[in-house]
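A.B. asks: Below: one structure in structure tokens.
The values are calculated or read from the model by the stated rules, or taken from the named source; none is laboratory data. None of these values were measured; they are calculated from a predicted model. Glycine gets a Cβ as well: all are built from the backbone with ideal geometry, and neighbour counts include every protein chain shown. Remember, those area values only see protein heavy atoms, side chains included, never the ligands or the DNA or RNA. Shrake-Rupley method; radii C 1.70, N 1.55, O 1.52, S 1.80 Å.
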Amino acid sequence: MARQTVADGVVSLELAASSGESLPPWQPGAHIDVVLPTGVTRQYSLCGPVKDTARWRVAVLREPDGRGGSQWIHDHLVEGGELRVRGPRNNFPLRPAARYLFVGGGIGITPLLPMIAEAEATGAEWSLLYGGRTRASMAFLPELEGYGERVTVRPQDQYGLLDLAGYLGDPDPSALVYCCGPAGLIDAVEAHCAGWPTGALNVERFAAAAVRQPADDEAEQPIEVELRASGTTLTVPPGLSVLKAVEQAGVPVLSSCEEGICGSCETSVLEGEVDHRDSLLTDDERAANDTMLICVSRARGRRLVLNL
Ligand code: FES
């Protein structure tokens, strides 16, 4: 593992397999789970060249108000140190398009870097609007400035809030919008893209979006969850997640963020209607009702049957 400071509060880590073997392939938008010795698991987007199978690059912003993962990396992970990682996994794939409008906020630039490289390689038309608090806090500027006028860098202390209306313009059926950054930026981009074709906007959140709370007349009820493959049925009381109930029943299941943003706990639904409370699935995926993120989502009725 090699580390380098790439902006105020941001370190870039280059990870290679301790065995010296090649790393698994990945596509732009993919992230890895970093499992820290403290027991915390955090997701970081891969932001180096896709073709480099010898090392993976991620960038970590120190988040003083976070759950301690980024602080541990900043304070304790030294050059040459070891990290446990899982993945890669991709919840934010780059779909083919003639034109891409990328919007990055702060450390949200990371998944966009390999997307930009891919868009450039395929000859697509693309541009990037990159915002951050100050220029010094914005990582990878030298790398991005090599792309010339396609990249617009707008530190907030010089320019104020990003001019999304001017940048995104009118809905363009040939274009896809990819945005990653803080919740306020994503919400603003979502509002601007409300009139765009379904699926044109693709976002990745670091933190869970505001979750629908049950109305007073539908106060949380216990639900019955059948784990068909295990032949077990559980009662999940209000206040306990389906994920925790499944774990307590001794059925192994992957999880990481426990906030409905990383996708690792995604589980097939065989019966029952899901009350989706995640920040990851698309509207179409929700409507299909055949998958759910069991760390946060529950049932609309009293019963679910899961393929676990
Ligand atoms: S654990 Fe991350 S979405 Fe459920």
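A.B. asks: Could you compute the FRET efficiency for Arg95 and Ala136, with r as their C-beta to C-beta distance and R0 at 35 Å, rounded to 0.05?
C.D. replies: E(calc), rounded to 0.05, equals 0.55.
A.B. asks: Let me ask something else about it. Among rounded, prolate and oblate, which fits region 90-213 when a ≥ b ≥ c are the square roots of the eigenvalues of its C-alpha gyration tensor, a/c under 1.5 means rounded, and a/b larger than b/c means prolate?
C.D. replies: Cα axes put region 90-213 in the rounded bin.
A.B. asks: In addition: Once you list every other residue whose beta carbon is under 15 Å from the beta carbon of Pro171, what net charge do they have if Lys and Arg are +1 and Asp and Glu are -1?
C.D. replies: Taking every Cβ under 15 Å from that of Pro171, the sum is -2.
A.B. asks: Give me the compactness ratio for region 38-85, meaning the Cα radius of gyration over 2.2 N^0.38 Å.
C.D. replies: Compactness ratio reported: 1.23.
A.B. asks: Which residue, chosen from Ala30, Val50, Leu185, occupies the Cα position most advanced towards the positive end of the dipole of the chain, where the dipole is computed from +1 (Lys, Arg) and -1 (Asp, Glu) charges on Cβ about the Cα centre?
C.D. replies: Positive-end residue among those listed: Val50.
A.B. asks: Rounding to the nearest 20 debye, state how big the charge dipole of region 178-308 is about its Cα centre with +1 on each Lys and Arg Cβ and -1 on each Asp and Glu Cβ.
C.D. replies: It comes to approximately 220 debye.
A.B. asks: Set the Förster radius R0 to 35 Å, insert the Cβ-Cβ distance between Val78 and Glu145 as r into 1/(1 + (r/R0)^6), and round the FRET efficiency to 0.05.
C.D. replies: Between Val78 and Glu145 the formula returns 0.70.
A.B. asks: Most mobile of Leu46, Leu15, Leu23 per a Gaussian network model of the chain (Cα springs, under 10 Å)?
C.D. replies: Looking only at Leu46, Leu15, Leu23, the largest GNM fluctuation is found for Leu23.
A.B. asks: With label points built 7 Å along Cα→Cβ from the Cα atoms of Asp157 and Gln4, find their separation and express it in nm.
C.D. replies: Result: 2.4 nm between the two label points.
A.B. asks: Grab the eigenvalues of the alpha-carbon gyration tensor for region 214-308, scale each by 5, take roots, and send me the semi-axes largest first in whole angstrom.
C.D. replies: Listed largest to smallest, the semi-axes of region 214-308 are 17, 16, 13 Å.
A.B. asks: In whole Å, what are the Cα extents of the chain along the three principal axes, biggest one first?
C.D. replies: Per principal axis, max minus min of the Cα coordinates gives 58, 49, 35 Å.
A.B. asks: Next question. By its C-alpha gyration tensor, with a ≥ b ≥ c as the square roots of the eigenvalues, how is region 1-113 shaped: rounded for a/c under 1.5, else prolate for a/b larger than b/c, else oblate?
C.D. replies: oblate
A.B. asks: Multiply the residue separation of Asp290 and Ser18 by 0.36 nm, subtract the distance between their alpha-carbon atoms, and state the gained length in nm to one decimal.
C.D. replies: 94.1 nm
A.B. asks: Go ahead and run the numbers for FRET between Asp283 and Ala183, Cβ-Cβ distance against an R0 of 25 Å, rounding to 0.05.
C.D. replies: E between Asp283 and Ala183, to the nearest 0.05, is 0.85.
A.B. asks: Out of the total accessible area of region 47-131 (probe 1.4 Å, heavy atoms of protein only), what percent is carbon and sulfur?
C.D. replies: 49
A.B. asks: Now, a different point. What is the set of long-range amide H partners of Val274 at a cut-off below 5 Å, with H atoms built 1.01 Å from backbone N?
C.D. replies: Residues meeting the amide H criterion: Arg300.
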